[in-house]
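Only one structure is covered here, and it is reproduced in the block below.
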Amino acid sequence: MSVQITSEQVNTPCGVFTLYTLMNSRGAYVKLSPVGAGIVSVVVPDNKGKLADVVLGYEHIEDYFHDGPCAGKVPGRYANRIARGDLVIEGKQYQLAVNNGPNALHGGPEGFQNKVWNSRIDDNAVEFTLVSPDGDEHYPGTLTVTARYTWTDDCRLTLCIKAQSDATTAINLTNHTYWNLGGHDSGTALNHTLQLNASRYLPTDDTLIPTGEQAPVAGTPMDFTSPKRLGQDINADFDALRFGKGYDNCWVVDGDGGCVWHAHLVDPDSGRRLTVCSDQPGVQVYTGNWLNGSPEGKGGCVYHDYDAVAIECQGFPDAPHHPSFPRQIFNAGEEYCRTIVFDFDTV
């Protein structure tokens, strides 16, 4: 294994944090933070060998706390939305914090993305661990979560997320990195092409809560079954695009389970390609519709709406209210285990 893992201590107004760098033999590297078990940089070559950081992130580590975009981090205990913050488990009602219009989003205002996770180097990986106590953001059960990252010489970043609770609870975990394959400071990502392994998507109401329907993408602006520019249909007169000011929807991944490809993202200028694979049933695509006003970016960069796209492999939003959706309620002692792979190459 030629990937080298190093750590550094960073002093901030919020305390001292350990950042980790995983560098391969090509000089490509990933930088990770214990704030939200987050990805803060991914530096990979273009089709001429030029390295660039393709992850949106902030100049100051302390800005990763309570940022609106949830940049690079692992949100939880339930990523995405739960309608009205209303959660019923084993006949008991739990009222979650309502922090996104009328709904609960990403586990609440003090969700996993705003916690400092314990961290360590474990052989060829960096592992983050968080213990979420019973009642944390009003969820039942003490939940222990690990997020384990590995990086390879062929520029493959793998995230394995495991969790287990001592009481039945709702779990939906993902990674919320924003990608711009031209470089984090290169401007709009709407020129990127996206292809999704998904012939259906989840229509929503105007607060982005699924209706329960799984609608075909054919003949709609939601069709990415063939490569298509992100910006091609983003201004179409279509409910999903009006509700979110762009794409902010969950697609139903085709296949019968197992780790399959979810998305191909390509920047035509640099030739960089990102292939995302996972064993999750859905993929939320968010085109950075509300990036204006983000904290100061790396190197003093100012980020604007649509400067990046998040590709979030996850369970379906609001699944506890929809029995037909893949279940996201896990019993006491039952292991939650999901894998997400970000594979970089060029075309």
- line: Rounded to the nearest 0.05, FRET efficiency between residue 93 and residue 25 (Cβ-Cβ, R0 51 Å) equals 0.40
message: Run the paramagnetic zone check for residue 160: 7 angstrom along Cα to Cβ, then residues of region 311-347 with backbone nitrogen under 16 Å.
response: 335-342
Local electrostatic count, residue 83, Cβ distance below 13 Å [Lys/Arg +1, Asp/Glu -1]: -2
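Over all alpha-carbon pairs in region 175-240, figure out the percentage whose distance exceeds 17 Å. Let's see the in-between values first.
Working: 1150 of 2145 pairs.
Pairs farther apart than 17 Å: 54 percent.
In debye, nearest 20: dipole of the chain around its Cα centre with unit charges on the Cβ of K, R (+) and D, E (-)?
Numbers: 24 positive and 42 negative charges, 71 e Å.
Magnitude of the dipole: close to 340 debye.
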field: Selection from 316, 275, 347, by position along the positive dipole direction of the chain (Cβ)
entry: 347
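Return the FRET efficiency for the residue pair residue 232, residue 2: r is the Cβ-Cβ distance, R0 is 45 Å, and the value is rounded to the nearest 0.05.
On the way: r = 40 Å, r/R0 = 0.90.
Efficiency, rounded to the nearest 0.05: 0.65.
So for region 84-177, what percent of the C-alpha to C-alpha distances run longer than 18 Å?
Values: 2254 of 4371 pairs.
That fraction is 52 percent.
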- prompt: How compact and how long is region 145-304, expressed as Rg and Dmax of its alpha-carbon atoms in Å?
  reply: 16.7, 50
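Can you tell me the relative contact order of the chain? Whole percent, Cα pairs under 8 Å, sequence separation 6 or more. Please report the intermediate quantities before stating the final value.
Working: 941 pairs, mean separation 64.0, N = 347.
Relative CO of the chain lands at 18 percent.
For every other residue with a beta carbon closer than 11 angstrom to the beta carbon of residue 101, add +1 if it is Lys or Arg and -1 if Asp or Glu, then tell me the sum.
Working: positive: 81, 84; negative: 205, 206.
Once positives and negatives cancel, what remains is 0.
Rounded if a/c is under 1.5, else prolate if a/b is larger than b/c, else oblate: which is region 44-128, with a ≥ b ≥ c the root eigenvalues of its Cα gyration tensor?
prolate
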Within region 181-295: Cβ-based charge dipole about Cα centre, in debye rounded to nearest 20 (Lys, Arg +1; Asp, Glu -1): 300 debye
message: Counting only protein heavy atoms and a 1.4 Å probe, tell me what percentage of region 129-196's accessible area is made up of carbon and sulfur.
response: 49 percent
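Would you work out the relative contact order for region 228-335, in percent, from Cα pairs under 8 angstrom that are 6 or more residues apart? Kindly include the intermediate steps, with their values, before the conclusion.
Numbers: 156 pairs, mean separation 22.2, N = 108.
Here the relative contact order equals 21 percent.
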message: Assuming 0.36 nm per residue, please report the length gained on full extension of the stretch residue 215 to residue 9 beyond their Cα-Cα distance.
response: 69.3 nm
task: Leaving ligands, DNA and RNA out of it, work out the accessible area of residue 329 with a 1.4 Å probe and give it in Å² to the nearest 10.
output: 50 Å²
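Tell me the Kirkwood radius of the chain: reciprocal of the mean inverse pair distance over distinct alpha-carbon atoms, in Å. Don't skip to the answer; put the middle values down first.
On the way: mean 1/r = 0.0498 Å⁻¹.
One decimal place: 20.1 Å for the Kirkwood radius.
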- request: Let me know the charge dipole size of region 54-109 about its Cα centre in debye, to the nearest 20, where only the beta-carbon of Lys, Arg (+1) and Asp, Glu (-1) is charged.
  value: 340 debye
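Could you do me a favour and compute the accessible area per residue for the chain, 1.4 Å probe, result in Å²?
Values: 13020 Å² over 347 residues.
Computed with neighbouring chains in place, this is 38 Å² per residue.
Quick one: compute the contact order of region 59-134, relative version, from alpha carbon pairs under 8 angstrom and 6+ residues apart, as a percent. Before the final figure, lay out the partial values.
Working: 94 pairs, mean separation 21.3, N = 76.
Averaging sequence separation for qualifying contacts and normalising by length gives 28 percent for region 59-134.
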field: Distance between region 309-347 and region 206-228 - C-alpha centres, whole angstrom
entry: 18 Å
field: nm² value of the averaged projected area, convex hull over the Cα atoms of region 11-58
entry: 3.9 nm²
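The values are calculated or read from the model by the stated rules, or taken from the named source; none is laboratory data. Being a predicted model, the structure only gives us computed values, none of them experimental. Ideal geometry is used to build each Cβ from the backbone, glycine not excepted, and the neighbour counts take in all protein chains shown. Only protein heavy atoms, including side chains, enter the accessible area calculation; ligands, DNA and RNA are left aside. Shrake-Rupley method; radii C 1.70, N 1.55, O 1.52, S 1.80 Å.
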